[in-house]
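Note sheet for the following structure.
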Amino acid sequence: EAIIDMNEDKCKGYSLELSFGGVTVEEALFTWYYNDSIFHAGIGLDNIIIPLGFGELNRTVGLKISEQGCVDSSLQNVTVTPNVEIVTNNNEGCTPLLVDFEANATEAINSYIWDFGDGNNSTIPIVSNEYTNSLTTDISYDVALTVTSTEGCTNTGVMDSLVLVHPIPTVDLSFDESDCNPMQMEIYYEGSANETDSFYWDLSVFEADEIVVHPGTSKGPLEIKRSSEPTANIGIFVVSEYGC
């Protein structure tokens, strides 16, 4: 009797290991089939590995045994777990960050379930998701995709820390504009940006001799000695190392 031993999982992998589950008395010719075509044959060939290929429907494997003129055969259907691939575009940047996703699978797919890691989900294969970061540090997001093939086999792919969203730096200066400040003083940037970021000061209202120490593109200090007018507007524009 041509009994095929195959693992009990409904959905197989792409390389299928098969073995003969019966008993022969004499030397027997084993002929293994894949999708109605002979894959391999040989005397005593009672086990074999058959690569199932990608994207095929209605896969079958079969076995025919010939022993002393007696012949028996069997046929079994095979379904496989689809491979899953997540393809992204622009998956790192400043908030708000719009990321494009595309699902690639090796089988005909019946359903898609995206989990973007930020509470948003989708059921279409090509989709965009906008990420926001209201903190002062980077936030990374895990992205998961679950697909179910038309044959009913399900697979989930998870990509850890796939999306990285950089924050917008906060901006403040070290004086209170409601205070009466001394004519000569030092001023520093205060905020979430750090030394690797760039700081662009607007000191256009100051006379050249009123700027004692120019901060360049650093956090400071800016040292001023104001003499021309009692008030002055000071501006600062901060760009993080990631361009935020």
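The values are calculated or read from the model by the stated rules, or taken from the named source; none is laboratory data. Being a predicted model, the structure only gives us computed values, none of them experimental. Note that we place each Cβ from the backbone using ideal geometry, even for glycine, and neighbour counts take in every protein chain shown. What goes into the accessible areas is simple: the full protein's heavy atoms, side chains included, and nothing from ligands, DNA or RNA. Shrake-Rupley method; radii C 1.70, N 1.55, O 1.52, S 1.80 Å.
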Hits in region 114-140: amide N under 11 Å from the 7 Å Cα→Cβ extension of ASN90, namely 128-131
Could you give each residue of region 197-207 its phi-based ³J(HN,Hα) in whole Hz, using Karplus coefficients 6.51, -1.76, 1.60 with θ = phi - 60°, and x for Gly or Pro?
8, 10, 10, 10, 8, 9, 10, 5, 7, 8, 6
With R₀ set to 22 angstrom, the calculated FRET efficiency between the beta-carbons of ILE49 and ASN83, to the nearest 0.05, is 0.75
How big is the accessible area of ASP179 in square angstrom, nearest 10, if you roll a 1.4 angstrom probe over the protein chains?
90
Selection from PHE116, THR132, ALA193, by position along the positive dipole direction of region 46-204 (Cβ):
PHE116
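Filter the GluC sites (Glu not before Pro) in region 132-189 to those in DSSP coil with at most 14 other Cβ atoms within 10 Å of their Cβ, and list the result.
Hits after loop and neighbour filter: GLU177.
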With +1 on each Lys and Arg Cβ and -1 on each Asp and Glu Cβ, how big is the dipole of region 3-151 about its Cα centre, in debye rounded to the nearest 20?
280
Carbon plus sulfur, as percent of the 1.4 Å-probe accessible area of region 39-151, comes to 48
Can you tell me the accessible area per residue over the chain, all protein chains present, probe 1.4 angstrom, in square angstrom?
56
Leaving out same-chain residues fewer than 8 places away, which aspartates and glutamates sit with a Cα under 16 Å from that of LYS12?
GLU56, GLU107, GLU151
Mind checking which aspartates and glutamates have their Cα closer than 14 Å to the Cα of LYS219? Skip sequence neighbours fewer than 8 apart in that chain.
ASP172, GLU186, GLU190, GLU195, ASP197, ASP202, GLU241
Spelling out what I want: for every residue of region 142-148, take phi, set θ = phi - 60°, compute 6.51 cos²θ - 1.76 cosθ + 1.60 (Karplus), and round to whole Hz; glycine and proline get x.
7, 10, 10, 9, 10, 10, 10
Region 39-66 to region 114-172: how many Å between their Cα centroids?
40
Compare VAL205, VAL158, VAL171 in a GNM of the chain, Cα atoms joined below 10 Å, and give the one with the largest fluctuation.
VAL205
Residues in region 205-237 near a label at GLN184, defined as backbone nitrogen under 20 Å from the 7 Å Cα→Cβ point?
206-216, 220-232
Using a Förster distance of 45 Å, the FRET efficiency for VAL239-THR154 (Cβ separation, nearest 0.05)
0.50
Within the chain, which cysteines find no other Cys whose Cβ is under 4.7 angstrom from their own?
CYS70, CYS180
Computed for region 154-240: size of charge dipole around the Cα centre, +1 on C-beta of each Lys and Arg, -1 on C-beta of each Asp and Glu, debye to nearest 20, value 260
Calculate, in nm to one decimal, what ILE38 and ASN58 gain on full extension: separation in residues at 0.36 nm each, minus their alpha carbon distance.
5.6 nm
Grab the Cα-Cα distance for SER174 and ASP5, subtract it from 0.36 nm times how many residues apart they are, and report the gain in nm with one decimal.
53.2 nm
Using square roots of five times the C-alpha gyration tensor eigenvalues, list the equivalent-ellipsoid semi-axes of region 131-244 in whole Å, biggest first.
49, 12, 10
Out of these labelled values of Kirkwood radius over Cα pairs in Å, (i) 27.6; (ii) 24.2; (iii) 18.8, which was calculated from the coordinates shown here?
(ii)
